[in-house]
Amino acid sequence: MDGAPIALNVTFSSVKVNNGKNIAVGTTNVVKVPVSFTLTHGKEVNIHAADFFAGVELYRGASFEDSIFFFDSNDATCTDSSATVASCKATVAIDPFALLNEDAGSWKAAAFAVAFNGEDPEDPNLDNVGVAVKDPTNSFKLQRYSKLTVNASPEPVKKGKTITVTGKLSRANWDDNKYHGYTNQSVKLQYRKKSSSTYTTVKTIKSNSTGELKTTVTASADGYFRYSFAGTTTTPAVNATGDFVDVQ
């Protein structure tokens, strides 16, 4: 490829990634991340040309030009709202088999557009290719999907007797695409009465060397126990589904 790209008369605004939420990725399923943006262009730019492309890149690193790792969206579908403004939508597919644990954490997004202007995309003369980039447009966390379980026993139990509450906190490991215990993490044991819709924290414990959780409480009334994890930079928050205990 010869030459250098020319500035394309395109600007970007209102860029959204995953509806403003962090992105959690497990061990097997490809996560399809919605992205959208407003594209404003000069009248001389034909955004519906077959060789015009616009999209969003999600990347880890210092900048769009100096990224360590990235995922690009498909070519955005743009709908004109005026002669020079369009609303665009696309999807970024994130495959967990392409990730390593070191990729979890802070990521950024950049919006881009390329007009090949009749050049062969495989071997263009860059002097005729227009490029526009807005970087960064967003920041977010790419996180290792988390799971949390709970089991309160015995069931039923007599009032005043001891209830043992066990569980496990685990998260996706992108190095081997399996779930492993998340160790030495603070997790809240929470309880809500059968007649209530609100959980309150009973105590905070830490997961052990395999992610297991275990503690005891005194039975007082019918209700639900659950564990709750607040999350970290690399791992999203998660609540276990409440386990009902019949107190007699």
Within segment 226-235, can one find any residue that is free of Cβ contacts under 8 Å to residues at least 24 places away in the same chain, part of a strand (DSSP E or B), more than 30 Å from residue 139 (Cβ to Cβ) and outside the structural domain of residue 101 (by TED's automatic domain parsing)? no
Within segment 154-170, can one find any residue that is assigned to a loop (DSSP other than H, G, I, E, B), at positive phi and surrounded by fewer than 19 Cβ atoms within 10 Å (Cβ to Cβ)? yes
If only one of 25, 85 is farther than 14 Å from residue 109 by Cβ, touching a helix residue (DSSP H, G or I) at 6+ places or on another chain (Cβ under 8 Å) and aliphatic (A, V, I, L, M), which one is it? 25
List pairs: first residue in segment 142-167 and basic (Lys, Arg), second residue not in a loop (DSSP other than H, G, I, E, B) anywhere in the structure, Cβ distance under 6 angstrom, at least six positions apart or on different chains. 144/171; 144/172; 147/170; 159/247
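Every residue, every condition in (1) free of Cβ contacts under 8 Å to residues at least 60 places away in the same chain; (2) closer than 20 Å to residue 126 by Cα; (3) surrounded by fewer than 16 Cβ atoms within 10 Å (Cβ to Cβ), yes or no:
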residue: 45; (1), (2), (3): no, yes, no
residue: 55; (1), (2), (3): yes, yes, no
residue: 59; (1), (2), (3): yes, no, no
residue: 62; (1), (2), (3): yes, no, yes
residue: 65; (1), (2), (3): no, yes, yes
residue: 68; (1), (2), (3): yes, no, yes
residue: 73; (1), (2), (3): yes, no, no
residue: 76; (1), (2), (3): yes, no, no
Quick one: how many residues across segment 193-221 are within 15 Å of residue 163 (Cα to Cα) and outside any strand (DSSP E or B)? 3
Checked segment 1-37 for anything polar (S, T, N, Q), in contact (Cβ under 8 Å) with a residue 40 or more places away in the chain and under 17 Å from residue 58 (Cα atoms); matches are 18, 22, 36
Candidate set from segment 236-248 (those that are buried (at least 17 other Cβ atoms within 10 Å of the Cβ) and in a loop (DSSP other than H, G, I, E, B)); member that is farthest from the chain's Cα centre (by Cα): 242
Give 171, 192 a once-over and let me know the one that is closer than 30 Å to residue 70 by Cβ, at pLDDT 95 or above and not assigned by TED's automatic domain parsing to the domain that holds residue 38. 171
Could you go through segment 180-192 and let me know if any residue there is outside any strand (DSSP E or B) and surrounded by fewer than 18 Cβ atoms within 10 Å (Cβ to Cβ). yes
Of all residues being loosely packed, with under 13 Cβ neighbours inside 10 Å and not basic (Lys, Arg) in segment 205-219, which is nearest to residue 152 (Cα to Cα)? Just the residue, please. 216
Residues of segment 70-82 satisfying the condition of being polar (S, T, N, Q) and assigned to a loop (DSSP other than H, G, I, E, B): 74, 81, 82
Kindly indicate the residue of segment 121-151 that is within 17 Å of residue 26 (Cα to Cα) and over 16 Å from the mean Cα position of the chain (by Cα) and also surrounded by the most Cβ atoms within 10 Å (Cβ to Cβ) among those meeting that condition. 148
Of everything in segment 116-133, what is assigned to a strand (DSSP E or B) and either out of contact with any Asp or Glu (no Cβ under 7 Å at 6 or more places or on another chain) or among the acidic types (Asp, Glu) (or both)? Give them in sequence order. 130, 131, 132, 133
Right, residue 109: outside any loop (DSSP other than H, G, I, E, B), within 21 Å of residue 234 (Cα to Cα) and assigned by TED's automatic domain parsing to the domain that holds residue 17 or not? yes
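The values are calculated or read from the model by the stated rules, or taken from the named source; none is laboratory data. The structure presented is a predicted model; accordingly, all values stated were derived computationally and were not measured. Cβ sites come from the backbone with ideal geometry, for glycine too, and all protein chains shown count toward neighbours.
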